[in-house]
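Asks: Below is one structure. I have some questions about it.
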Amino acid sequence: MERTGTVSRRTKETDITVALCLDGGPVEITTGIGFFDHMLTAFAVHSGFGLQVAAKGDLDVDGHHTIEDVGIVLGQAFAQALGDKAGIARYGHAYIPMDEALGFCAVDVSGRPFLVFQAQFPQAVIGSFDACMAEEFFRAFAMHSGLTLHLRAPYGSNSHHIAEALFKALAHALRDACAFTGGGVLSSKGVL
């Protein structure tokens with residue numbers, strides 16, 4: 001049985017559809033923000049997830065609504081794909097070096113959303129992507145997927161490398177956390 005989630009969300013600011021398969025599949029990303037497409041593609045490739053994102057937003061304003069809303073919809077699709085979370089490893093972590101930068105992620109597929117984000121971006125803009133939006137994306141994703149998510153970049157001097165290390169660290173941590181180990185829900189409470 002494939003673990004899939006498909007969610008659409010339309011507001012006055014954005015129109016977004018995300019299809020996610022935790023067990024692999026096509027990767028097709030179109031948000032209108034080149035660097036964000038690059039990060040989502042890296043996330044999909046490194047996690048092994050199939051991911052299709054079609055997003056149209058008010059980019060004439062800026063990328064904020066598009067980036068945050070993609071995080072919301074991707075989080076909802078992720079929660080849908082996992083269902084009751086039975087049989088998954090639940091926890092994952094990864095260190096990812098990207099040239100001079102290092103990214104770290106620890107994740108608990110807990111059903112209790114929380115974000116700890118510690119990263120500084122020396123350059124404020126990466127292409128047409130405002131670097132501060134990385135945190136907003138991760139927050140929206142964590143809150144709507146039910147993840148306890150810790151992300152850190154202890155050092156780095158290139159904002160592109162820092163952001164990419166964080167997206168890839170999330171991918172590798174989630175790949176491990178979503179690995180099917182069998183059995184029931186990994187919790188002494190019996191439910192997540």
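The values are calculated or read from the model by the stated rules, or taken from the named source; none is laboratory data. In this text, all values refer to a predicted model and were calculated from it rather than measured experimentally. All Cβ positions, glycine included, derive from the backbone under ideal geometry; neighbour counts span all protein chains shown.
Asks: Is it the case that the stretch 142-162 has a residue that's under 20 Å from Leu22 (Cα atoms), polar (S, T, N, Q), in contact with a Leu (Cβ under 9 Å, 6 or more places away or on another chain) and modelled with pLDDT of 95 or more?
Replies: yes
Asks: Is there any pair linking a residue in the stretch 88-104 that is at positive phi to one that is of a type outside the set (S, T, N, Q), with Cβ under 7 Å and at least six apart or on different chains, and which?
Replies: As it stands, the answer is Arg90/Asp108; Arg90/Val109; Arg90/Ala177; Arg90/Leu186; Asp99/His161, since those pairs meet every condition given.
Asks: Here's a follow-up. Taking Ala79 as meeting all but one of (1) in a loop (DSSP other than H, G, I, E, B); (2) farther than 16 Å from Ala163 by Cα; (3) not acidic (Asp, Glu), write down the number of the exception.
Replies: (1)
Asks: Among the residues of the stretch 1-41 satisfying the criterion of being surrounded by 21 or more Cβ atoms within 10 Å (Cβ to Cβ) and not β-branched (Val, Ile, Thr), which is nearest to the chain's Cα centre (by Cα)?
Replies: Among those that are surrounded by 21 or more Cβ atoms within 10 Å (Cβ to Cβ) and not β-branched (Val, Ile, Thr), it is Leu40.
Asks: Applying the selection to the stretch 62-76, what residues are assigned to a helix (DSSP H, G or I) and either more than 13 Å from Val109 (Cα to Cα) or in contact with a strand residue (DSSP E or B) (Cβ under 8 Å, 6 or more places away or on another chain) (or both)?
Replies: Within the stretch 62-76, His64, His65, Thr66, Ile67, Glu68, Asp69, Val70, Gly71, Ile72, Val73, Leu74, Gln76 qualify.
Asks: For the stretch 49-90, which residues satisfy the criterion of being surrounded by fewer than 20 Cβ atoms within 10 Å (Cβ to Cβ), acidic (Asp, Glu) and within 14 Å of the chain's Cα centre (by Cα)?
Replies: The one that is surrounded by fewer than 20 Cβ atoms within 10 Å (Cβ to Cβ), acidic (Asp, Glu) and within 14 Å of the chain's Cα centre (by Cα): Glu68.
Asks: Also: Counting only residues that are out of contact with any His (no Cβ under 7 Å at 6 or more places or on another chain) and surrounded by fewer than 14 Cβ atoms within 10 Å (Cβ to Cβ), give me the strands (runs of 3 or more DSSP E) lying completely in the stretch 91-192 with at least 1 of them.
Replies: Of the strands (runs of 3 or more DSSP E) lying wholly inside the stretch 91-192, those with at least 1 residues that are out of contact with any His (no Cβ under 7 Å at 6 or more places or on another chain) and surrounded by fewer than 14 Cβ atoms within 10 Å (Cβ to Cβ) span 91-98, 114-118, 148-155.
Asks: Here is a follow-up. For the stretch 94-122, how many residues meet the condition of being in contact with a helix residue (DSSP H, G or I) (Cβ under 9 Å, 6 or more places away or on another chain) and closer than 20 Å to Gly182 by Cα?
Replies: 4
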